[in-house]
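I have placed the structure first, in the form of structure tokens, so that the comments after it can refer back to it.
The values are calculated or read from the model by the stated rules, or taken from the named source; none is laboratory data. Note that the structure is a prediction, hence the values are computed from the model and not measured. Neighbour counts run over all protein chains shown; Cβ positions are idealised from the backbone, glycine included. Areas reflect the complete protein model, heavy atoms only, side chains present, ligands, DNA and RNA absent. Shrake-Rupley method; radii C 1.70, N 1.55, O 1.52, S 1.80 Å.
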Amino acid sequence: MNSARDWIVDRFALRPIYDRLLDRRVPRSPWYAGDGAALMLLLGVQILTGAALSLTYSPAADSAYASVEHITEAQVLGWFVRGLHYWSAGLMVVMLFYHLFRQILLAGYKAPREGTWLIGVLLFFAVLLMSYTGYLLRWDERAVHGVRVTLHMLSRVPMVGESLTLIAQRGPELGPQTLSQLYGLHVVILPLLIVGLTGYHLYLIVQRGTITRAERHQPVETAEHQRELYRTEKTSVRGGEHFFPETAFKSGLMATLVLTAAIALTMFVGAPRLFPEGNLVESSLPAEEWWFWWFSGLIALLPPSIAPWFVVLVPIVAFTVLILLPFVDRGPSRGVKHRPGWAFGVILLIVALLALTDYRRRSPFTGWPDPAPPPIPIGVELTEAAERGRVAFADLGCNSCHPVSGRGRTVGPDLARLTPPRSRLQIEQYVLQPPVEAAMPAYAGRISEEDLSDVVEFCHVAQTFPRRL
Amino acid sequence: MTDDSDRAVDPEAKAKRGAGVLANAVEGVIAGLAHDADASVQTAVRRFREFQADMLPAEGRPAPGTADGIALLDDCLQDVEALPRPAEPAAQLRLKDAVDRLRPFLKVNAFAAPEEMEPGHRTRRLLLKGLLGLLGATLSGVVAIPTLVAAISPAIRRRTGPQWRRVGRADAFPHGDVTKAVIPVGRGDWSRSLEEKAVYVWRRGTGDEDFVVYSRNCTDLSCPVTYDRGSACFYCPCHGGIFAQDGRPLAGPPRVPLYRYAIRVRGGNLELDLASLPSVT
């Protein structure tokens, strides 16, 4: 038995792998530093579930949507594979930000780990691109309109915008060739790139290590100084441990937690809902995946004068800043305690991301037609005119922008919250000819006498409604 | 540079001297480690003994020139560095010193074999390196350039001239109102999906040819706007863009009015030129 084991170890040259990768001393690290391991595990899950999906998925635009439907509804355990692919993609984006922010907090990019950082930055954008191309492959309305938004952003790039758009669209019009290209990117090009870069990232981590406790607690002047500290720490009884099994167990634990969350979400929330099949005809209210909501929230918040440039600038600036970070921030201090400004910045960034995400979730800036008239408070009896006005309120599209008692779209002012209350005459004049600065269409000349007096009646009485229903 | 010229002067003496220092240092490591009887220390010592037996020259014989020796030494050193440090301060110092003296052997190949130093060798190496680089560049160019060109081909072969498409019977559009119309995209290629797209037709005033055909794309980021007859406004689903019936932006990020296609009325049919707007609008 033993001799067979020795034979395998020798002939497959396993000893150096064990010695150099697994049985090496490394500085002790806490369990919450297992974000890298979690990303690795999720990457593995993505490759496995992605491979399974590719066995059934059809990358032709006239059948892509139907094949996704088939996977979700008809294929045995298809819902699980697709759900897990989706949720572990989402958690991968979350862990990616955690990974990035933790390294920024601790200054994990400082000497001699600049190479590791640079490869990591490339990986960050490759994975974001992956998560983006992934939801496009469903080829539902959300996907088709998502592609169009991206193409529009590309067209804003100075000089080469039009060429970039033609390449990304693979022709002068959006069509099936666009999907073919997205499929090639998502299934061949980006995975190869990500797997290759991840391998190199890991090689550099084995060679240069990750930031340690000793480095965080004292100024580190040079790469040589860091090496000295690192060596002392990993060889000490207290500061060091063996990568296998100590470190591997702790980071594996965190990875398992994250994957458990992905599986739980798959079981209890399920595969993502499909919108109607992609088309350029139907009216639709599409939205991006939740991990990009912050970006949309940001666009909506910006003053219109800079928004068009901003959408192009954000990714370019983010990429440039991340690439330059290790060359700009070269001070000797590492860790959170000695760099409080960075911690403050990262916390601010996280709060901003969450706030923008919530802003987009609520989308108070979006107006949209709604055939249903606004609800009235329980116990309130409207006069006949006011009731007709309530119906006209929807027919005339007032509720496309105006809420009543906190219900409905919130672009315009809530009619139950007007201060000071307006008289019937004031309302009538406003409806017929709003002031120039108001983003409201004038109804003069296209509204009947009856409709006008009914709507004015309803708006007038709505001012007495509670602020919230 | 200095190492090269040293070796060129007297390679054999250099190798002998190197072997002597190496032997000393190895003894130092072993002595430094010997105070701890831990099993992993014993393994390290055993491996260093093996290295000694394998790689160091016997009396009167030059050191064997092999990269294996360097790799083995590297291995041994990594082992030693990974060990917990010896308890005794004297042993610690000795070990550190020995390891420091061993490290240069990893950088300079002290075992360099005599045949590698023959005259003309360096020129040949230089020539081979250059040829190899040239070969690699040619081969990758032959494959990479056509691949790249094919990848960006949509930007090279562009559509030219107007692309007229029928929107509908001109007299079928009601006066003073905005109507959605569906036009055939007709790419004229193999594709068989997304073959139709919607546009908005506004027949303003009372004139028979007084048409405006809007692209359905929001001028901010091309999200599909929807027309609300009640408020006579176009609503964008994405970031809050709202446009008036005449295309003016009323709210949200858009600063530009809704895009209008070039149109004409031919034989009672309203037609638009698909190529009159950039592909994303």
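To the nearest 0.05, what FRET efficiency results for A:LEU14 and A:LEU253 with a Förster distance of 25 Å applied to their C-beta separation?
Numbers: r = 26 Å, r/R0 = 1.02.
The computed FRET efficiency comes out at 0.45.
Computed over the Cα atoms of the stretch A:14-362, what is the convex hull's projected area averaged over all directions, in nm²? Write down the numbers at each step before the final one.
On the way: hull surface 79.5 nm².
Its average projected convex-hull area is 19.9 nm².
Legend: distances between Cα atoms for A:LYS250/A:LYS337; A:LYS234/A:LYS337; A:LYS110/A:LYS234; A:LYS250/B:LYS96; pairs beyond 28 Å are A:LYS250/B:LYS96.
Normalised by residue count, the protein assembly as shown yields a Cα convex hull volume of 232 Å³ per residue.
The A and B chains share an interface that buries close to 5200 Å² of accessible area, total over both sides, probe 1.4 Å. Remark: the stretch A:254-269, residue by residue, has Karplus-estimated 3J(HN,Hα) of 5, 4, 4, 4, 5, 5, 4, 4, 4, 5, 4, 4, 4, 5, 9, 9 Hz, where x stands for each Gly or Pro and the curve is 6.51 cos²θ - 1.76 cosθ + 1.60 at θ = phi - 60°. Expressed in Å, the radius of gyration and Dmax of the Cα atoms of the stretch B:194-281 are 13.1, 40.
The protection proxy used here, the mean number of other Cβ atoms lying within 10 Å of each residue, ranks peptides A:103-110, A:3-10 as follows, highest first: A:103-110, A:3-10. Residues of the stretch A:136-182 that bury at least 50 Å² of accessible area when the other protein chains are present, relative to the chain alone (probe 1.4 Å, heavy atoms, ligands and nucleic acids excluded): A:ARG148, A:VAL149, A:HIS152, A:LEU166, A:ILE167, A:ARG170, A:PRO172, A:GLU173, A:PRO176.
The trypsin sites (Lys or Arg not before Pro) found in the stretch A:289-377 that occupy coil by DSSP, while having at most 14 further C-beta atoms within 10 Å, are A:ARG330, A:LYS337. Residues whose amide H comes within less than 5 Å of that of B:GLY241, counting only those at least five positions distant or on another chain, are B:CYS236 (H built at 1.01 Å from N in the peptide plane).
Our coupling estimate for the stretch A:18-35, obtained by passing each phi through the Karplus curve with A = 6.51, B = -1.76, C = 1.60 and θ = phi - 60°, is 4, 5, 8, 9, 9, 8, 9, 7, 9, x, 4, 9, x, 5, 6, 8, x, 5 Hz, Gly and Pro reported as x. For the pair the stretch A:125-146 and the stretch A:350-365, the centres of their Cα atoms are 21 angstrom apart. In chain A, Cα pairs under 8 Å separated by at least six residues give a relative contact order of 20 percent.
Which of the GluC sites (Glu not before Pro) across the stretch B:177-261 are loop residues per DSSP, with 10 or fewer other Cβ within 10 Å?
B:GLU209
Taking 1 over the mean of 1/r across every pair of different Cα atoms in the stretch A:384-462, what Kirkwood radius in Å do you get?
Taking the inverse mean of 1/r over all distinct Cα pairs, the stretch A:384-462 comes out at 12.5 Å.
Backbone amide hydrogens, once placed in the peptide plane, bring B:VAL185 within less than 5 Å of B:GLU196, B:LYS197, excluding anything fewer than 5 places away on its chain. For the stretch A:123-135, 3J(HN,Hα) computed residue by residue from phi via the Karplus equation (6.51, -1.76, 1.60; θ = phi - 60°) reads 4, 4, 6, 5, 5, 4, 4, 5, 5, 6, 4, x, 6 Hz, glycine and proline entered as x.
Could you work out, residue by residue across A:236-244, how many beta carbons of other chains sit within 10 Å of that residue's beta carbon, and then give the average as an integer? Mind showing how you got there, number by number?
Details: counts 2, 2, 0, 0, 2, 0, 1, 0, 0.
That average works out to 1.
Normalised per residue, the accessible area of the protein assembly as shown is 51 Å², obtained with a 1.4 Å probe and no contribution from ligands, DNA or RNA. From the Kirkwood radius over Cα pairs of the stretch A:232-335, Stokes-Einstein at 20 °C and 1.002 mPa s returns a whole-number translational diffusion coefficient of 108 µm²/s.
Spin-label model, A:GLN426 to B:ARG158: label points 7 Å out along the Cα-to-beta-carbon direction sit 5.6 nm apart.
The alpha-carbon atoms of the stretch A:199-242 define a convex hull whose volume equals 75 cubic angstrom per residue.
Find how many whole Å separate the alpha carbon centroid of the stretch B:144-159 from the alpha carbon centroid of the stretch A:238-265. Between the Cα centre of the stretch A:238-265 and that of the stretch B:144-159, the gap is 46 Å. Distant-in-sequence amide contacts of B:TYR259, defined by a placed amide H-H separation under 5 Å and a gap of 5 or more residues or a different chain, comprise B:SER215.
Provide the net charge surrounding A:PHE310, with neighbours chosen by a C-beta distance below 14 Å and charges set as Lys +1, Arg +1, Asp -1, Glu -1. Charge balance in the 14 Å sphere: +1.
Please average, across the residues of A:306-316, the number of beta carbons from any other chain that are within 10 Å of each residue's own beta carbon, and give a whole number. Kindly include the intermediate steps, with their values, before the conclusion.
Details: counts 1, 7, 7, 0, 1, 4, 0, 0, 0, 0, 0.
Across the residues of A:306-316, the mean count of other-chain Cβ atoms within 10 Å is 2.
Given a Förster distance of 25 angstrom, what is the FRET efficiency for B:ARG266 paired with B:ARG229, based on the Cβ-Cβ distance and rounded to 0.05? Here the calculated transfer efficiency is 0.30.
For the stretch A:1-115, how big is Rg over Rh, using alpha carbon atoms and the Kirkwood form of Rh? List each step's numbers first, then the result.
Numbers: Rg = 20.8 Å, Rh = 18.2 Å.
Answer for the stretch A:1-115: 1.15.
Solvent-accessible area of chain A (1.4 angstrom probe, protein heavy atoms only): carbon and sulfur portion equals 67 percent.
Over the residues of chain A, the helix contribution to mean residue ellipticity at 222 nm works out to -19000 deg cm²/dmol, using -39500 (n - 2.57) for each DSSP H run of at least 4. Tell me, what is the FRET efficiency for B:LEU148 and A:LEU21 to the nearest 0.05, using R0 = 30 angstrom and their Cβ-Cβ distance as r? Computed FRET efficiency for B:LEU148 and A:LEU21: 0.25.
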